[in-house]
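Right, one structure below, let's go through it.
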Amino acid sequence: MKRILLLHTGGTISMSTDQRTGAVKPSDEHPLHKYSHLFEENIEIVEEDIFQLPSPHVTLQHMLDIQKRLAEAIEEDRIDGAVITHGTDTLEETAYFLDLTLDAPFPIVLTGAMRPTDEIGSDGVSNLQNAIWTALAPGSSDKGVLVVMNEEIHTARYVTKTHTTNVATFRTPTFGPIGIVSKHEVRFFQKLVFDENYPIQNITKKVYLLKAYADMDSTLFEALASTEIDGLVIEALGAGNMPPATLPGIKRLLDKNVAIVITSRAFNGIAQDIYAYKGGGKHLKELGAIFAPGLTGIKARIKLQVILEQENSADLMKTRFN
Ligand code: ASP
């Protein structure tokens, strides 16, 4: 009999609606506990509530706690797949953190819900069921950590939440989902072309994320330069360009040896050094900024954090992002 480790961490999928006030919040009994019997006929579910947090409360330390529990399961060697339920607001960050820091011999699948489990049309139980089927499917191995929502299978590396409330919120811009769960069937259409692993044990570095905008100046960069900072990710304009007034602050950070990684604030496409004008991508690269093609700002922040915990050589870092 196959064994699935089911870890609950909180989020809407773990919450219920207060019928009096309409507020969505954690209830005394975890709403999903009622449903695990649905799967028990052919598989054994080992269910644990690691914590019960709305995902805006999830920190890198919590992500590390989930990573450690999964590392234990890898060590014990008695699990065929892992499913983690998580709030959708930061689900993509936890998923990518686990993708970068674990090398698991079994599939790891994250899922959540946009509607609490007791709401009409709730997506929680069907997302959980699809996530379990995906974790059990032989084709799910060697594809990195997966995110299953709304009958689609996405990679942790590229998936992002795109809508505040719609159940079809998780999308993979530019590349699309790598598979679907259609009724009982799990089918893949794409696979990741490379895999990387940084088995970190601690979180110690300070890594920030800023989004660029027209007429941006150096104020925020100067403010960061006067803090203890190890890395900064910028969601730059277009293919990866910055307004010239930001350059004094960016240079100050680079002079302090702060790793600066450039992504794009655009929803589709990849960041590249194309333009040679002042503040253009080529100029930023000459100054020492590193480009992260294909990653969103929040994913690049997780990756920079994890890499900085492991190594601090500018040359190695460039290789890691390319
Ligand atoms: N605010 C909730 C959370 O991320 C949203 C959700 O789970 O869908 O915890």
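Nothing in this text is a laboratory measurement; each read-out follows from the coordinates by a stated rule. Just so it is clear, the structure is predicted and the values come from calculations on it, not from any experiment. So basically every Cβ, Gly included, is an ideal-geometry build from the backbone, and we count neighbours across all protein chains shown.
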Long-range HN-HN contacts of Met15 with modeled amide H, under 5 Å
Thr117
List the residues, sorted by chain then number, that are 5 or more residues from Val261 or on another chain and whose placed amide H is less than 5 Å from its amide H.
Leu232, Val233, Ile234, Ile290
Distance in nm between pseudo-label sites at Thr219 and Lys191 (7 Å out along the Cβ direction from Cα):
5.1
Local electrostatic count at Arg157 - Lys and Arg +1, Asp and Glu -1, tallied over other residues with Cβ under 11 Å
-1
Sequence of Phe106, Phe188 once ranked by neighbouring C-beta atoms within 10 Å, starting from the fewest:
Phe188, Phe106
For region 7-17, what does the Karplus curve 6.51 cos²θ - 1.76 cosθ + 1.60, with θ = phi - 60°, yield as ³J(HN,Hα) per residue in whole Hz, taken in order and with x for Gly and Pro?
10, 9, 10, x, x, 4, 4, 9, 10, 10, 9
Using the number of other C-beta atoms within 10 angstrom as an exposure proxy, rank Lys143, Lys211 with the fewest first.
Lys211, Lys143
Restricting region 216-259 to GluC sites (Glu not before Pro) in coil, as DSSP defines it, with at most 15 other Cβ within 10 Å:
Glu228
Grab the DSSP H runs of the chain that are 4 residues or longer, score each as -39,500 (n - 2.57), total them, divide by all residues and round the 222 nm result to the nearest 500 deg cm²/dmol.
-8000 deg cm²/dmol
Whole-Å semi-axes of region 1-70's equivalent ellipsoid (Cα gyration tensor)
23, 20, 6
List the aspartates and glutamates whose Cα lies under 16 Å from the Cα of Lys211, skipping any in the same chain that are fewer than 8 positions away.
Glu222, Glu235
Can you run phi through the Karplus equation (6.51, -1.76, 1.60; θ = phi - 60°) for region 297-309 and list ³J(HN,Hα) in whole Hz, with x for Gly and Pro?
x, 5, 5, 4, 5, 4, 5, 5, 4, 5, 5, 5, 5
Which semi-axes, in whole Å and largest first, does the equivalent ellipsoid of region 2-188 have when worked out from the alpha carbon gyration tensor as the square roots of 5 times its eigenvalues?
23, 18, 17
For the chain, restrict the atom set to alpha-carbon positions and state the Rg and Dmax in Å.
20.5, 64
Correct semi-axes for region 191-309, from √(5λ) of the alpha-carbon gyration tensor and rounded to whole Å with the largest first, are 22, 19, 11
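Indicate the gyration tensor shape class of region 111-237 (rounded, prolate or oblate), computed on the Cα atoms with a ≥ b ≥ c the square roots of the eigenvalues: a/c under 1.5 is rounded; otherwise a/b larger than b/c is prolate and the rest oblate.
prolate
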In whole angstrom, the spacing between the Cα centers of region 275-316 and region 153-223 equals 16
Considering only the other residues whose Cβ falls under 12 Å of the Cβ of Leu308, what net charge follows from Lys and Arg at +1 and Asp and Glu at -1?
+2
Select from Leu253, Leu110, Leu100 the residue whose mean-square fluctuation is largest in a Gaussian network model of the chain (Cα-Cα springs shorter than 10 Å).
Leu253
Which of Ile45, Ile250, Ile274, Ile290 comes first, and how do the rest follow, when ranked by fewest Cβ neighbours within 10 Å?
Ile274, Ile45, Ile290, Ile250
Residue by residue through region 311-318, which ³J(HN,Hα) values in whole Hz follow from phi under the Karplus form 6.51 cos²θ - 1.76 cosθ + 1.60 (θ = phi - 60°), with glycine and proline marked x?
8, 10, 9, 4, 5, 4, 4, 4
Can you tell which of Val306, Val83, Phe291 lies farthest toward the positive end of the dipole of the chain, using +1 and -1 charges on the Cβ of basic and acidic side chains (Lys, Arg; Asp, Glu)?
Phe291
In degrees, nearest ten, helix 60-76 long axis to first principal axis of the chain (Cα)
50
Violating pairs (Cα-Cα greater than 21 angstrom) within the set Lys34/Lys161; Lys68/Lys256; Lys143/Lys206; Lys161/Lys299
Lys34/Lys161; Lys68/Lys256; Lys143/Lys206
